[in-house]
């Protein structure tokens, strides 16, 4: 699939400087791009590479377009990374469903499979489940009963949807994702534990992406809800009854305990742990490897164990790196004032 | 499935106040419950909801029963959450196996499948494995050779048991759980590593629940043992040769390194890391996101990185939040005493 | 399979003291070993067990061989753990492929399966993929199109390779591993996110082991590369475009963000988080539950949140355990000097 550079410029709304009739059939890094490929520079760190790149064209910010020595065709955009993403999507479109059901799939009699959907080998679909137009169900995926998969949604190989899970349109679920397993609901019963039936389901909105081996538990009494446009990376754990607001993005290895509600447009970096029954305000940013054990009522940037605003965290961490020195300084002061005691050590 | 309220009261041993002939066919939250549903109040925070709930009946503690304005039928219990759990289990029983082997399953000739067991589509069961009475093996689960699955145990879709894994009765294993993969056993061999054969197996007791995408490695020389009544949440990693005592519950995303022995009735919150070759005393509580790098010899409540008792951890965290201020205060003292030096900064 | 002790001594290059004609058919711990089994003592902690072991033979270091009261046959090695590992591999060899394709496997017409490879039940292999001589593809594994699996590599049950993934020779991939899923590449687009096509692939060298439920994302524009001899434990997350150098070993639950390059022969303990776009020098050791947020330019031993050299980390942690006490001591000093204020508390 090839486009003329002027077609790409028009498609993404960028200003073109250079040969508009240049055919472009792929994207690449500044180092690797060739004459028929387009690259981008969105980070001043990489501006130097513009001098040596052999890319046929480059997407640039207005300031980079003026300052750099790059001599090839330019496509100028205020948001060069976004413009590049749009171009890459034009050149590398998502696959389209090849309508049909593989002979090895096991489909319940009452399941409704849209005739334009693609059902791969070894797929299992339970009673009363519905698969929408243009959906792709990857090999070995297992869909329980009373589930729904929206139009143009793609489940990669080996996704599991437990009974009653509902997935919106244009979603992407990666391999090993498990949607709707029981939440960790237990009542203390003498020395042991009594399992509490998990009666809620999982509701996933449109345009959601869920990473490989991520788990989203069904609700205990109320549904777990992943709103429209949410992006979840790999190996994330979402507890029962969690709600995640629209366009929130969460990076890998983060865990969210039960009944916590996360607002809209939040960004949560990787490896973070979020406690249960909390409220996180919309437009909150949480840095990686943080521990959120209280609700966050004000949007802002937070970090650390324990969580503070990011500025305070950076300052505290700078001191934590030399805490042993600080303790020695206190000991020195104590000796000078006559109250230093060996029992502090 | 419906019960009369008086039947439920009798089944869970609670005191009934109100219309015993009330039919109850489901459970719900105080906010969502309707006239034929029973709810519960186990947390004083939610007591206010009793004033507005439309639930047909509510399970309450004796004190809430007296204090609240709730006018409907009451079922009074000293352990309202446990009583509610029992009622929910009566109203929402675990599914019963539909005896039979799906035509797409691949069963080794020497495997012994109880005639009352349910074997789902695309299941694979290896030589000499035994599946007990009333067990349910979910679609796409793979069971190796010489395995055992006890009576009434349920494997959800896509569980893997490596060879020689043994699972007790009435267990629940969720999708993506991998039992018996090789432990991380390596010997340094020049610049590289030599893999050490992992010869132990995994032994899982009765009434154990294992969450989605949790991994339990087989032992190197001795078995990995998960005792009766243990509850493991999602995405937990259990290293080779670990032993976990009866009724211990572990929340999501916790990792336990090889050869560590955890006692009975412990509770370990989510995201905790536990080192190898440690002993954790019975009845120990460890808070979330903690790092356990030494053995715990005394039962108690522990938290933090590094691990301390929970009270100390809370105090230390309160100071860590303002560590930069503390350092500035030390600097002020140093200046006053004449020994403040720029080289501390 | 049994060997004479003298055959084992010769195979691993150890010095034999005792009955060389002793038949040995297994390995075991010092406590569990019987007369036809060989054990080892590589840790002074366990030297006492030599007095009571019933093992037919023991692999020992020269110093343990002289000092202990053990009276049985000895195999003396400067690297007793490595010698034991070699002996265990002789006695417990990896399984050999049983050539053939299971009748339930779905193999694309253009896929090339070596006639000596073993393809298990319910396996799916896509167009133009190649499976090498003696490879074993476990039940339920899904291999996309244009993939390669090298000779004698074993995929356990339920491994997923996305399109274009390439795995070297003699590798072991454990169940639930997902290779080549999309990286977490998003461009901010107004209130939401635009997915960036992930066009790189995953390249895995020879003799690599990948643990259960570990995920290795494909590159965004350039490939993700796992070099020869790398060992990855369970539930590790490798972001897009990461490169890991030869013989690096990484323990469970570690996450590595996109585009980070890790050198050769590194050891990274469990639960560690490593940020994106970093460089980690060869021969670096990182302790468990650490946070690596800057590049590491010098080989060495590092630990902690924030990361420091391990010695500093240990000292700082010792002070962090009593930070509240330190703060009280500062308060005392302030009171003595007349500048203690309630507003610090």
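Annotations
- Per-selection Rg to Rh, chain A - Cα, Kirkwood hydrodynamic radius: 1.11
- Extension reserve of the residue B:110-residue B:277 stretch, reckoned as 0.36 nm per residue once the Cα distance is removed: 56.3 nm
- Evaluated over region C:35-82, the Cα radius of gyration and Dmax, each in Å: 9.3, 24
- Of B:83, B:108, B:157, the one that fluctuates the most in a GNM where chain B has Cα springs shorter than 10 Å: B:83
- Computed over region C:173-282, Kirkwood Rh from alpha-carbon pairs, angstrom: 13.7 Å
- Each other copy places its own label point for residue B:45 at 4.1, 4.1 nm from this one, sorted shortest first, where the point lies 7 Å along the Cα-to-beta carbon line.
- Distances in nm from residue C:279 to the matching label points in the other copies, shortest first (labels 7 Å along Cα to Cβ): 4.8, 4.8
- Pseudo-label separations to other copies for residue C:23 - Cα-to-Cβ vector, 7 Å, nm: 7.4, 7.4
- Debye intensity ratio in log₁₀ form over the Cα atoms of region C:75-190, taken at each q of 0.11 Å⁻¹: -0.43
- Label-point separation in nm, residue A:19 to residue B:17, each point 7 Å along Cα→Cβ: 8.8 nm
- Equivalent ellipsoid semi-axes - Cα gyration tensor, region C:136-200, angstrom: 30, 12, 8
- Where labels lie 7 Å past Cα in the beta-carbon direction, separation of residue C:328 and residue B:2 in nm: 6.3 nm
- Here r is the Cβ-Cβ distance between residue C:96 and residue B:67 and R0 is 51 Å; the resulting FRET efficiency, rounded to 0.05, is 0.10.
- Over chain C, Cα pairs under 8 Å with separation of 6+ residues give a relative contact order of 6 percent.
- Treating r as the C-beta distance of residue A:337 and residue B:48 and R0 as 41 Å, the FRET efficiency rounds to 0.15.
- Fraction of alpha-carbon pairs over 23 Å apart in region A:232-345 - percent: 40 percent
- Dividing the alpha-carbon radius of gyration of the protein assembly as shown by the rule-of-thumb value 2.2 N^0.38 Å gives 0.98.
- q = 0.18, 0.19 Å⁻¹: log10 I(q)/I(0) that the Debye formula gives for region C:3-91, counting C-alpha atoms only: -0.63, -0.70
- Listed residues A:278, A:221, A:173, most fluctuating in chain A (Gaussian network, C-alpha, under 10 Å): A:221
- Each label was represented as a point 7 Å from its Cα along the Cα-to-Cβ direction; for residue B:31 and residue B:298 these points are 4.3 nm apart.
- Percent of Cα pairs exceeding the 17 Å cut-off, where the set is region A:82-146: 45 percent
- For region A:1-156, alpha-carbon Rg and Dmax in angstrom: 21.6, 65
- Fraction of antiparallel bridges per DSSP, the protein assembly as shown only, in percent to nearest 5: 15 percent
Throughout, read-outs are computed from the coordinates displayed, never taken from laboratory work. Predicted model, so just to flag it, every value in this text is computed and none were measured. Note that we place each Cβ from the backbone using ideal geometry, even for glycine, and neighbour counts take in every protein chain shown.
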